[in-house]
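Undergrad: Following this message is one structure expressed as structure tokens.
The values are calculated or read from the model by the stated rules, or taken from the named source; none is laboratory data. Please read all numbers here as calculations on a predicted model, not as lab measurements. Because the Cβ atoms are built from the backbone with ideal geometry, glycine has one as well, and the counts that use them run over all protein chains shown. The accessibility values were calculated without ligands, DNA or RNA, using every heavy atom of the protein model including side chains. Shrake-Rupley method; radii C 1.70, N 1.55, O 1.52, S 1.80 Å.
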Amino acid sequence: MTHDRTRSRTINAPQARGVLARRDAVSACARFARTHAVLLVSAAVAAATMLAVPPDAAYLGYFDLKTLACLFGILALVGALRNAGVFEATARALVARFSTCRAAIAAIVGITLVLSMIATNDMALIMMLPLSAATLLKAGWERALPFAFIMQSLAANLGGMIVPFGNPQNLYLFERFSIPLVDFLAVMALPFAVSVLLIGVCCAVFAKPAPRVPEARLAQGRPQEPPAPVDRRRALACGALLALVIASVFRLVPYPVALVAVVAGLLVLDRRALRSVDFGLLLTFACFFVFAGNMARMPAVEEVLSQAMAHNALLASAGASQIISNVPAAVLLSHFTDSYEALLVGVNIGGAGTLVASLASLITFNQYRAVKAAFGRRPELARQTAGGFVVRFTVFNASFLAVLYLVCALWS
């Protein structure tokens with residue numbers, strides 16, 4: 001009997017290892033799907049359009065190489081500057097000057113808005129949301145966390161609209177239509193000013209002026225580690241490379257020259273920044289190009305979208321952003337208009353609204369869930385739910401979108 005049991009365990013051991021391996025593989029696939037949901041959806045949609053429009057030589061014309069190159073350079077250099085401690089040190093220094101919840105949220109949201117102008121909206125949130133959570137939790141202001149995250153998302157989406165490289169769709173449209181910088185700024189000045197005003201009013205009205213809780217600590221009961229010192233030499237070198245990439249965006253430097261300089265420079269300065277580039281975002285853009293290029297070649301789709309853009313381009317672009325996100329909306333609808341003004345404004349204000357209207361909004365939601373998972377035992381966080389966050393997020397974003405659309409529609 002003992003021999004039989006030993007033999008049974010021996011026979012079942014490889015099977016058990018196989019079961020565990022399969023579970024690990026399924027778990028890894030699930031994590032990848034959650035992390036790269038937008039990429040997977042964009043790839044699936046692009047693949048679906050390829051059934052209607054089989055690959056041919058015209059596919060090569062779909063891809064805007066300059067947009068991809070500039071976006072790669074900005075993502076890599078922002079990562080290098082973050083690794084050098086520049087953004088965290090600057091943000092902490094500014095936030096530390098404020099002692100009430102309202103002032104701290106205003107500072108955090110303001111920094112996010114400014115960062116979105118130089119580091120893209122996605123990267124601004126990736127850098128600032130964790131710092132925002134750490135600051136509010138340590139001060140005992142966790143009740144204000146959902147509101148702070150929502151305002152940061154709006155600040156990132158709407159703050160980056162004022163410059164060509166603030167939002168990915170701006171970078172694409174700036175190149176697609178060869179928009180002069182002065183004209184770009186003139187078109188986006190009104191929606192940007194209204195956005196800043198709305199964000200400021202919300203921070204003043206909805207953020208409570210609560211003082212710090214003296215004994216507030218992180219859930220682990222350990223004081224937060226001090227930030228690493230800024231690597232000044234590396235920060236200056238990366239800043240110079242970032243200026244070179246921005247110059248290529250403004251067509252002052254050939255973009256291949258800037259791309260080679262960034263890769264060569266970071267191979268010396270910070271190889272980790274090159275490895276940490278969000279290649280999923282770049283692949284998502286490539287899928288968007290395929291999707292938009294194929295859709296533009298479908299007669300039925302071309303007729304519908306051409307009529308929609310001719311009738312009300314602002315409404316069509318803002319509305320499409322709510323369903324397929326503002327970046328693919330910009331890429332797709334750019335094929336059906338020769339006038340960029342309404343499209344540019346529409347896809348930018350369209351970043352507000354639904355949770356899928358912008359990739360930055362999904363980043364915000366994922367970060368909120370991560371904070372809830374890590375610190376959910378705190379009473380104030382335990383009472384908050386992901387569903388409640390989505391409701392508040394949608395109410396604020398829909399209100400912003402309605403006001404911005406009415407102002408822009410009346411002004412045009």
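Undergrad: For the chain, set up a Gaussian network in which alpha carbons nearer than 10 Å are linked by springs, and say which option among Arg82, Arg234, Arg275 fluctuates the most.
TA: Among Arg82, Arg234, Arg275, the largest GNM mean-square fluctuation belongs to Arg275.
Undergrad: Okay, moving on. Please compute the modelled spin-label separation between Leu185 and Ser276, points set 7 Å along Cα→Cβ, answer in nm with one decimal.
TA: Placing both labels 7 Å beyond Cα along the Cβ direction yields 3.2 nm.
Undergrad: Separate question: Give the shape of the stretch 279-412 as rounded, prolate or oblate, defined through the alpha-carbon gyration tensor: a ≥ b ≥ c are the square roots of its eigenvalues, a/c under 1.5 means rounded, and otherwise the shape is prolate if a/b is larger than b/c and oblate if not.
TA: oblate
Undergrad: I've got another one for you. Leaving out ligands, DNA and RNA, what percent of the accessible area of the stretch 28-161 is carbon and sulfur, probe 1.4 Å?
TA: Roughly 71 percent of what the probe reaches on the stretch 28-161 is carbon or sulfur.
Undergrad: What residue among Ala46, Ala139, Ala33 shows peak mean-square fluctuation when the chain is described by a Gaussian network model with Cα springs under 10 Å?
TA: Ala33
Undergrad: Let me ask you something else. Lys/Arg Cβ at +1, Asp/Glu Cβ at -1, dipole of the chain taken about the Cα centre: which of Leu241, Ala320, Phe165 is farthest positive-ward?
TA: Projecting each Cα onto the dipole axis, the largest value belongs to Leu241.
Undergrad: State to the nearest 20 debye the size of the charge dipole of the stretch 89-213 about its Cα centre, where the only charges are +1 on K and R beta carbons and -1 on D and E beta carbons.
TA: 600 debye
Undergrad: Show me the trypsin sites (Lys or Arg not before Pro) within the stretch 318-412 that DSSP assigns to loop and that have at most 14 other Cβ atoms within 10 Å of their Cβ.
TA: Arg377, Arg383
Undergrad: Place +1 on the Cβ of every Lys and Arg and -1 on the Cβ of every Asp and Glu in the stretch 34-154, take the dipole about the Cα centre, and give the residue among Met127, Ala48, Ala37 whose Cα lies farthest towards its positive end.
TA: Positive-most Cα among the choices belongs to Met127.
Undergrad: I'd like the distance separating the alpha-carbon centroids of the stretch 262-288 and the stretch 323-349, in whole Å.
TA: Using only Cα atoms to place each centre, the spacing works out to 26 Å.
Undergrad: If you take the charge dipole of the chain about its Cα centre, with +1 on Lys and Arg Cβ and -1 on Asp and Glu Cβ, which of Ala189, Met117, Val86 is farthest toward its positive end?
TA: Result: Val86, furthest along the dipole toward the positive end.
Undergrad: Kyte-Doolittle mean at least 1.0 and Cα extent at least 15 Å along the axis: which DSSP H helices of the chain qualify?
TA: Span-like helices here: 37-52, 65-83, 101-119, 121-138, 145-159, 181-206, 232-249, 255-269, 279-296, 386-411.
Undergrad: Can you give me the accessible area per residue for the chain, using a 1.4 Å probe, in Å²?
TA: Roughly 47 Å² per residue, with all protein chains present.
Undergrad: At 1.4 Å probe size, with the rest of the protein present, what percent of the exposed accessible area of the stretch 295-412 is carbon and sulfur atoms?
TA: After summing per-atom areas, the C and S share lands at 67 percent.
Undergrad: Placing +1 at every Lys and Arg Cβ and -1 at every Asp and Glu Cβ, with all other atoms neutral, what dipole size does the chain have around its Cα centre, in debye to the nearest 20?
TA: Charge dipole of the chain: 2180 debye, to the nearest 20.
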